[in-house]
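Since the structure comes first, as structure tokens, the remarks are kept for the end.
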Amino acid sequence: MLILTRKSGEGLFIGDDIRITILEIRGKQIRLGIEAPTSVVVLREEIYRRIQEENLQAAGARDVDVSEIAQLWRQE
Amino acid sequence: MKIMASDPQTTSTDPAVFTTKTRNFGSIEVRSDQIIYLDPGLLGFIQYHRYILIEHHREAPFLWLQCLDKEGLAFVVVDPRNLLSDYQPSPLAQAMRDLKVDQAEDLKVLVILTIPPGKPQEMTANLMGPVVINLKTRQGRQIIVEDPQYSHKHRVLPA
């Protein structure tokens, strides 16, 4: 892992088009400003992991599952 | 089984047809104008971009989102309006701009279902990570909704 030390107001670039700025440091919290192209996904880690984990679970669906849920749906 | 043409109004003059393998349907024929490009790809599968939507059961709203870049990768999806009539998370507006959706009817919103093996009654819908598609351009992406009223494990059927 690359480790950099920055002060409030300073920033860094990742490649040519992703810019991260340290906006404010207050106690244990840091406010970051992130400028990135819309094609880049920027998410808090816990949110990213939650969606990724849900996608991984969902990817295991089988044909028989759809037959079963279609039947359950029609019964509702 | 029917692959959904992404834009039924447009009849492409001579779309290329090719055969692809799928886990659930064996080999199927796909026309180039049926392909949906997800960019970025789904979280956890960002390297895969080409998908098709397959209708499976006429009497139920569920669809398969089948990946063309990895034959074993397929998701069960549903239009969230079948689950919540007022599903309208705020990031949809930005997604429409990013995907250059001009008219609301060109926007397709789908949510991914998770079906616990052997417990279909307990299936959940991921309302935090809808897949949005511009039917005109066939470009789409998974957007993230951070709104406490929308769960990533929304129960679809009553317990």
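The values are calculated or read from the model by the stated rules, or taken from the named source; none is laboratory data. This is a predicted model, so every value here is computed, not measured. Cβ placement follows ideal geometry from the backbone for every residue including glycine, while neighbour counts extend to all protein chains displayed. Surface areas here come from the heavy atoms of the whole protein model, side chains and all, with no ligands, DNA or RNA. Shrake-Rupley method; radii C 1.70, N 1.55, O 1.52, S 1.80 Å.
Classify segment B:51-159 as rounded, prolate or oblate, taking a ≥ b ≥ c as the square roots of the eigenvalues of its Cα gyration tensor: rounded when a/c is under 1.5, otherwise prolate if a/b is larger than b/c and oblate if not. Write out the running numbers ahead of the final one.
Values: a/c = 1.79, a/b = 1.23, b/c = 1.46.
It comes out oblate by the Cα gyration axes.
Would you mind putting B:16-27, B:130-141, A:49-60 in packing order, based on average other-beta-carbon counts within 10 Å, highest first? Don't skip to the answer; put the middle values down first.
Details: B:16-27: 13.1, B:130-141: 21.6, A:49-60: 18.2.
Put in order of decreasing packing, that is B:130-141, A:49-60, B:16-27.
Compute the long axis of helix A:45-58 from its Cα atoms, compare it with the longest principal axis of the Cα atoms of chain A, and write down the angle in degrees, 0 to 90, nearest 10.
It is inclined by approximately 20 degrees.
May I ask for the angle, rounded to the nearest 10°, between helix A:63-75 and the longest principal axis of chain A, with both axes built from Cα atoms and the value confined to 0 to 90°?
Between the helix axis and the principal axis of chain A, the angle is about 70 degrees.
Under the definition of partner shielding as Cβ atoms of other protein chains within 10 Å of a residue Cβ, what is the mean value for peptide A:47-53? Before the final figure, lay out each step's value.
Values: counts 7, 3, 2, 7, 12, 6, 4.
Rounded to a whole number, the mean comes out at 6.
Place +1 on the Cβ of every Lys and Arg and -1 on the Cβ of every Asp and Glu in the protein assembly as shown, take the dipole about the Cα centre, and give the residue among A:A36, B:I133, B:M123 whose Cα lies farthest towards its positive end.
The one lying farthest along the dipole's positive direction is A:A36.
Taking R0 as 45 Å, what FRET efficiency do you get between B:Q149 and A:T5 from their Cβ-Cβ distance, rounded to the nearest 0.05?
Numbers: r = 40 Å, r/R0 = 0.89.
Using R0 = 45 Å, I get an efficiency of 0.65.
Based on the Cβ-Cβ distance from B:K119 to A:R74, what FRET efficiency comes out when R0 is 30 Å, to the nearest 0.05?
Numbers: r = 18 Å, r/R0 = 0.61.
Approximately 0.95, to the nearest 0.05.
With a 1.4 Å probe and all protein chains left in place, how much of the accessible area of the protein assembly as shown comes from carbon and sulfur atoms, in whole percent?
Values: 6570 of 13430 Å².
Within the protein assembly as shown, the accessible surface is 49 percent carbon and sulfur.
Determine, from the Cβ-Cβ distance of A:E53 and A:I30 and an R0 of 22 Å, the FRET efficiency 1/(1 + (r/R0)^6), rounded to the nearest 0.05. Write down the numbers at each step before the final one.
On the way: r = 26 Å, r/R0 = 1.17.
Approximately 0.30, to the nearest 0.05.
Could you run the Karplus curve 6.51 cos²θ - 1.76 cosθ + 1.60 with θ = phi - 60° over segment B:100-112 and give me ³J(HN,Hα) per residue in whole Hz, x for Gly and Pro?
Those phi angles translate into 6, 7, 7, 10, 4, 6, 7, 8, 10, 10, 9, 10, 8 Hz.
Taking the Cα centre of chain A as origin, work out the dipole magnitude from +1 charges on Lys and Arg Cβ and -1 charges on Asp and Glu Cβ, in debye rounded to 20.
On the way: 11 positive and 13 negative charges, 113 e Å.
Rounded to the nearest 20 debye, it is 540 debye.
State the answer as a single residue: which of A:G15, B:T19, A:A59 lies farthest towards the positive end of the charge dipole of the protein assembly as shown, with beta carbon charges of +1 for Lys and Arg and -1 for Asp and Glu, about the Cα centre.
A:G15
How many partner chain Cβ atoms sit within 10 Å of a residue's Cβ in peptide B:69-78, on average, as a whole number? Could you put the intermediate results ahead of the total?
On the way: counts 0, 1, 0, 2, 2, 7, 5, 9, 2, 2.
Other-chain Cβ atoms within 10 Å of each residue's Cβ, averaged: 3.
Under 1.5 on a/c is rounded, so check that first for chain A, then, if it is not, pick prolate when a/b is larger than b/c and oblate when it is not; a ≥ b ≥ c are the square roots of the alpha carbon gyration tensor eigenvalues.
On the way: a/c = 3.77, a/b = 2.99, b/c = 1.26.
The shape class here is prolate.
Need the per-residue list for segment B:33-63: every residue with at least 30 Å² less accessible surface in the complex of protein chains than in the chain by itself, probe 1.4 Å, sorted by number.
B:P40, B:L43, B:G44, B:F45, B:H56, B:H57, B:E59, B:F62
Using θ = phi - 60° and the Karplus relation 6.51 cos²θ - 1.76 cosθ + 1.60, list the HN-Hα couplings for segment B:143-159 in order, rounded to whole Hz, with x at every Gly or Pro.
Rounded to whole hertz, the list is 9, 10, 10, 9, 9, x, 7, 10, 8, 7, 10, 7, 5, 8, 10, x, 5.
Counting Lys +1, Arg +1, Asp -1, Glu -1, what net charge surrounds B:M96 among other residues with beta carbon under 14 Å of its beta carbon? Let's see the in-between values first.
Numbers: positive: B:R97, B:K100, B:K108, B:K136, B:R141; negative: B:D98, B:D102, B:E105, B:D106.
For residues surrounding B:M96, the net value is +1.
Which cross-chain or sequence-distant (5 or more) residues have an amide H under 5 Å from the amide H of B:M4, H modelled 1.01 Å from N in plane?
B:L53, B:I54, B:E55
Given 0.36 nm per residue, what is the gain on full extension from B:D69 to B:S90 after removing their alpha carbon distance, in nm?
Numbers: separation 21, 0.36 × 21 = 7.56 nm, distance 3.09 nm.
Contour length minus the Cα-Cα distance gives 4.5 nm.
With θ taken as phi - 60° and the coefficients 6.51, -1.76 and 1.60, list the Karplus ³J(HN,Hα) couplings across segment B:59-75 in order, rounded to whole Hz; mark glycine and proline as x.
In residue order, the calculated couplings are 9, 9, x, 7, 10, 9, 9, 9, 6, 8, 8, 8, 5, x, 9, 8, 10 Hz.
Quick check on segment B:67-126: take the gyration tensor over C-alpha atoms, sort the square-rooted eigenvalues as a ≥ b ≥ c, and tell me if it's rounded (a/c under 1.5), prolate or oblate.
oblate
Strictly over 22 Å apart at the Cα level, which of B:K119/B:K153; B:K21/B:K153; B:K2/B:K70; B:K21/B:K100; A:K28/B:K153; A:K7/A:K28 would you flag in this model? Intermediate values should be presented prior to the final figure.
Working: B:K119/B:K153 14 Å; B:K21/B:K153 30 Å; B:K2/B:K70 20 Å; B:K21/B:K100 31 Å; A:K28/B:K153 31 Å; A:K7/A:K28 14 Å.
Cα-Cα > 22 Å for B:K21/B:K153; B:K21/B:K100; A:K28/B:K153; rest within.
In square angstrom and rounded to 100, what buried accessible area do you get between chains A and B, total over both, with the probe at 1.4 Å?
Values: alone 7470 and 9250 Å², together 13430 Å².
Counting protein atoms only, the buried area is about 3300 Å².
Given a 1.4 Å probe, how much area per residue of the protein assembly as shown is accessible, in Å²?
Values: 13430 Å² over 235 residues.
It amounts to 57 Å² per residue over the protein assembly as shown.
Using a 10 Å cut-off around each Cβ of peptide B:116-128, what is the average number of partner chain Cβ atoms that fall inside?
On the way: counts 3, 5, 3, 2, 10, 3, 0, 7, 3, 2, 6, 0, 4.
Mean shielding by partner chains, rounded to a whole number: 4.
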